[in-house]
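Note sheet for the following structure.
The values are calculated or read from the model by the stated rules, or taken from the named source; none is laboratory data. If you're wondering where the values come from, they're calculated on a predicted model, not measured in any experiment. Cβ sites come from the backbone with ideal geometry, for glycine too, and all protein chains shown count toward neighbours.
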Amino acid sequence: MATAVLGLQWGDEGKGKITHLLAASAAMVVRFNGGPNAGHTVIDRGVKFGTHLLPAGAFYAGVRSVIAGGVVIDLGILREEYDAVAKHLTAHGMSAPRLVLAENAHLILPYHRTLEDLEGSGAKFGTTRRGISPAYRDKAAHVGVRIGDLLRPQQLEERIAWRLELLCREWPNSDELRRVDARTIAREQIALGEPWIDGIADASLVVGEALREGADVLFEGAQGTLLDVDFGTYPYVTSSTTLFAGIASSVGVDSGRIERRLGVTKAYQTRVGEGPFPTELGDETGERLRERGGEFGTTTGRPRRCGWLDLVALRYAVRLNGITELALTKLDVLDGLDELKICRAYRLGGRNAREFPLSGDGLAEAAPIYDSMPGWSRLGRPASWNDLPACARDYVGVIEEEAGAPVTLLSFGPAPEDTLRRAL
Ligand code: GDP
Ligand code: IMO
Ligand code: MG
């Protein structure tokens with residue numbers, strides 16, 4: 001059965017851990033959105049990796065890994081992580097991962113990062129400064145460069161030269177832009193892409209066939225619903241579709257064949273970068289969550305903002321994605337708190353609101369209304385649902401009730417073995 005793994009918050013929910021766990025029994029793993037702004041932590045055979053582009057299937061022999069057309073690819077970053085994972089696999093007697101790169105995926109080129117710095121969006125929005133928004137913008141503006149262009153070096157160089165010419169007209173005072181040269185960039189890109197040159201293909205055919213055969217295809221989402229370019233807290237969002245709906249257009253497949261839509265949420269809330277966050281805690285409890293949860297960005301190392309679980313936002317994310325099941329991560333981080341707070345509604349414009357405001361500006365005015373619940377002292381390593389402390393079971397119950405979806409995976413530590421599966 002095909003499964004989509006989707007982030008339901010502002011990213012960093014633990015999608016990497018969950019996808020890696022499920023990939024063990026998958027035939028194919030497809031990364032379908034965003035770019036190297038993602039940072040997915042995977043612990044494989046005791047070794048920790050922070051992957052930015054490489055799908056979690058890469059850690060298993062016989063699992064095909066696909067990077068879909070809707071992803072923006074920085075070949076330098078992909079090469080670095082591919083080499084590190086290939087080395088790790090070789091040390092365990094396995095061969096290097098098999099990778100399919102969609103020929104219509106766009107490249108992030110060095111000038112995209114320069115552009116992001118020139119515009120100052122890193123500081124204003126707290127972006128990851130990986131050139132994500134300039135690359136997506138170039139795609140929409142017909143001036144992007146795609147992976148498939150690596151197969152036609154002359155065309156690759158011409159497209160880069162044309163884009164650079166436009167950029168130099170736009171930014172006449174940028175020495176950095178004037179210094180770069182199309183031929184050098186084109187050659188560098190071809191050299192970086194060399195290990196996968198035979199893997200450049202129409203991914204919609206490859207994935208579509210696997211879906212029609214009924215194979216276990218896993219779709220690895222990046223970022224989270226609240227960072228979606230259309231339905232997130234605009235303008236504090238990323239530049240791609242982070243929702244289930246994005247799979248259809250990014251991969252080019254019939255997403256109606258994906259029955260299982262697994263939403264990942266932490267047991268509390270975090271956000272990295274700027275933007276509204278109603279349940280944010282600026283106090284000792286927030287600090288405690290950050291320390292206990294190791295809440296520092298996988299991609300940028302920035303401290304993540306922490307707060308209580310926001311069920312208004314969770315219901316919104318479940319609705320937008322049509323989530324069928326939940327994976328609840330980092331329950332262990334709440335250990336030892338006497339009181340837990342959980343937000344079921346907001347106070348907004350003098351009224352109680354149960355719906356998430358579509359605009360980031362509306363959300364900035366929302367004040368959380370909390371319910372209080374007793375905490376537990378220590379989860380330990382529960383072997384079954386009944387081994388969980390009663391207060392933890394109650395906490396999970398409230399999440400299921402509000403979200404209207406069952407929690408089928410419970411995570412209480414970073415390693416794959418710190419997970420409990422519950423039958424539906
Ligand atoms: P992703 O971007 O959604 O893949 O999430 P990240 O990897 O950026 O952030 C999640 C962090 O939490 C990583 O450091 C994981 O190793 C860690 N993690 C995942 N699940 C758990 C859990 O259940 N408990 C604890 N304590 N850490 C977890
Ligand atoms: P994963 O897949 C958390 C955030 C950035 C910034 C905003 C826009 O690890 O969950 P961008 O560089 O995309 O233009 O930045 O989006 N952001 C993420 N936050 N996890 C991520 O990915 C993120 N990807 C982007 O911090 O606020
Ligand atoms: Mg992350």
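One table, with the values for the structure above:
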{"read-out": "Test for Arg257: is it away from ligand 1 (no atom under 15 Å from the Cβ), in contact (Cβ under 8 Å) with a residue 40 or more places away in the chain, closer than 29 Å to Phe59 by Cα and more than 19 Å from the chain's Cα centre (by Cα)", "value": "yes"}
{"read-out": "Set Ala161, Ala102, Ala182, Ala91: member being buried (at least 17 other Cβ atoms within 10 Å of the Cβ), over 23 Å from Ser239 (Cα atoms) and among the small types (Gly, Ala, Ser)", "value": "Ala182"}
{"read-out": "All positions within region 27-51 that are surrounded by fewer than 23 Cβ atoms within 10 Å (Cβ to Cβ) and either within 9 Å of the chain's Cα centre (by Cα) or part of a loop (DSSP other than H, G, I, E, B) (or both)", "value": "Ala27, Gly39, Arg45, Gly46"}
{"read-out": "Where a residue in region 266-282 is closer than 20 Å to Pro414 by Cβ and of a type outside the set (S, T, N, Q) and its partner, wherever it lies, is away from ligand 3 (no atom under 16 Å from the Cβ) and in a strand (DSSP E or B), with Cβ under 7 Å and at least six apart", "value": "Ala267/Leu309; Ala267/Leu328; Tyr268/Gly307; Tyr268/Leu309"}
{"read-out": "Unique residue being out of contact with any strand residue (DSSP E or B) (no Cβ under 8 Å at 6 or more places or on another chain) and either within 27 Å of Glu213 (Cβ to Cβ) or part of a strand (DSSP E or B) (or both) when the list is Gly57, Gly76, Gly62", "value": "Gly62"}
{"read-out": "Counted residues, region 12-32 - those being more than 10 Å from ligand 1 (Cβ to nearest atom) and in contact with an Asp or Glu (Cβ under 9 Å, 6 or more places away or on another chain)", "value": "10"}
{"read-out": "Close pairs (7 angstrom Cβ cut-off, 6 or more residues apart or separate chains): free of Cβ contacts under 8 Å to residues at least 12 places away in the same chain and over 12 Å from Trp171 (Cβ atoms) in region 115-128, within 16 Å of ligand 3 (Cβ to nearest atom) and not in a helix (DSSP H, G or I) anywhere", "value": "Gly122/Arg129"}
{"read-out": "Qualifying helices (runs of 4 or more DSSP H) (wholly inside region 305-424; at least 3 residues being at pLDDT below 95 and out of contact with any Gly (no Cβ under 7 Å at 6 or more places or on another chain))", "value": "360-364"}
